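Below is one structure, written out as structure tokens; the observations come after it.
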There are 2 protein chains.
Amino acid sequence: MPHDDPVPMLRQQGYRLTSQRRAVLRVVSSSERNLTAEEIFSEVVPTQPALDIATVYRTLQWLQTVGLVAALASSDGRMRYEYHPHGNEHHHLICQNCGRTLQVPSEAFATLRARLRQVYAFVLDEHLTLPGLCAECAAT
Amino acid sequence: MPHDDPVPMLRQQGYRLTSQRRAVLRVVSSSERNLTAEEIFSEVVPTQPALDIATVYRTLQWLQTVGLVAALASSDGRMRYEYHPHGNEHHHLICQNCGRTLQVPSEAFATLRARLRQVYAFVLDEHLTLPGLCAECAAT
DNA sequence: CTTCGTGCAAAAGCTTTGCAATGCG
DNA sequence: CGCATTGCAAAGCTTTTGCACGAAG
């Protein structure tokens, strides 16, 4: 997993890299799961007690505008935020039972992608997160 | 599109078929789009001025428990409700730009499903919602 | 220094819940 | 008639916004 640090690029683009922004970016980019704003907040608070949840939301919006994060509507009605590293194309399989995630290279989706584009003129996202059951949990 | 009236079945199962429940069911089952609770409410109010939005929410939860309706998280953070006539398995493509949804029969996923099970021992969910761009939004 | 970002507090949705009244079966 | 369901009102949650202070460049 390549670790291009996006911080230099962001600074070069004139954005202010505050400690809050760094912390949120660090949590989002290092998490396997897609986290909610509240979860991100909880992970950062211990090191930044003054942090406000509003700042987390604003930072997440900013990260979306610069293309580093995508917001996904979770089935519980909350939003979850996913890190989109540039140049590392893969999709996720997420086990609905134990939460484990698997990475699948994009090529596995080439056929489906082509078919959906042909039949529905629908262009699939580059980053998919598909629910299901992993080996162990499906066995039970 | 088959039009089995689910009302007799529901009554037979001992549920009370109030005018509010009938009205919500009628709106949900006859809509092409997946509606929000507010939209359903707006369509029913003219004929039932005393109707409360809370009743719409409670009726939608009831319809989910009896398997006639599924709740989908919309990218704007609200829930949208889809009528699920029995025996019509499909997945969803949801446009990240305009929110439009497309239905794709499950068979289109058979190959991918088989491959993920073979290679990763991962069993895909029966109901997927895939993000991407629809025809119009991809064109821009 | 100047401007952008933050903390705080309050507001704005969407959805749920408690309770007495209503009406379905 | 009895009890599930409703209307009403209020609360709960997630997310957004206004504003003055504070810090980054």
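The values are calculated or read from the model by the stated rules, or taken from the named source; none is laboratory data. Values in this document were obtained by computation on a predicted structure and should not be read as measured data. So basically every Cβ, Gly included, is an ideal-geometry build from the backbone, and we count neighbours across all protein chains shown.
Structure data summary
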{"quantity": "Those residues of the stretch A:42-56 which are under 29 Å from A:Leu102 (Cα atoms) and touching a Phe, Trp or Tyr at 6+ places or on another chain (Cβ under 9 Å), in sequence order", "calculated": "A:Val56"}
{"quantity": "Selected residue (only one of B:Gln48, B:Gln64 is within 16 Å of DNA strand C (Cβ to nearest atom), on the phi < 0 side of the Ramachandran plot, at pLDDT 95 or above and surrounded by fewer than 18 Cβ atoms within 10 Å (Cβ to Cβ))", "calculated": "B:Gln48"}
{"quantity": "Single residue of the stretch A:8-36 satisfying the filter (touching a Leu at 6+ places or on another chain (Cβ under 7 Å) and at pLDDT below 90) that is farthest from DNA strand C (Cβ to nearest atom)", "calculated": "A:Asn34"}
{"quantity": "Every residue from the stretch A:89-109 that is exposed (fewer than 13 other Cβ atoms within 10 Å of the Cβ), closer than 19 Å to A:Val123 by Cα and in contact (Cβ under 8 Å) with a residue 12 or more places away in the chain", "calculated": "A:Glu89, A:Pro105"}
{"quantity": "Meets criteria (at pLDDT 95 or above and in contact with a helix residue (DSSP H, G or I) (Cβ under 6 Å, 6 or more places away or on another chain)) for B:Thr59", "calculated": "yes"}
{"quantity": "Check on B:Ile53, out of contact with any His (no Cβ under 8 Å at 6 or more places or on another chain), among the β-branched types (Val, Ile, Thr), within 9 Å of another protein chain (Cβ to nearest Cβ) and within 16 Å of DNA strand C (Cβ to nearest atom)", "calculated": "no"}
{"quantity": "Unique residue being closer than 24 Å to B:Gln96 by Cα and in a loop (DSSP other than H, G, I, E, B) when the list is A:Arg80, A:Arg33", "calculated": "A:Arg33"}
{"quantity": "Search result, residues across the stretch B:38-68 that are part of a loop (DSSP other than H, G, I, E, B) and more than 8 Å from DNA strand D (Cβ to nearest atom)", "calculated": "B:Pro49, B:Val66, B:Gly67, B:Leu68"}
{"quantity": "Subset of the stretch A:32-78 [more than 15 Å from the chain's Cα centre (by Cα) and in contact (Cβ under 8 Å) with a residue 24 or more places away in the chain]", "calculated": "A:Val44, A:Thr47, A:Gln48, A:Leu51, A:Thr55"}
{"quantity": "Qualifying positions in the stretch B:96-124 - within 16 Å of the chain's Cα centre (by Cα), of a type outside the set (Val, Ile, Thr) and at the interface with chain A (Cβ under 9 Å from one of its Cβ atoms)", "calculated": "B:Leu102"}
{"quantity": "Unique match (being assigned to a loop (DSSP other than H, G, I, E, B) and away from chain B (no Cβ under 14 Å)) among A:Arg16, A:Arg26, A:Arg22", "calculated": "A:Arg16"}
{"quantity": "Hey, B:Arg115 assigned to a helix (DSSP H, G or I) and either over 22 Å from A:Asp125 (Cα atoms) or away from DNA strand D (no atom under 15 Å from the Cβ) (or both) or not", "calculated": "yes"}
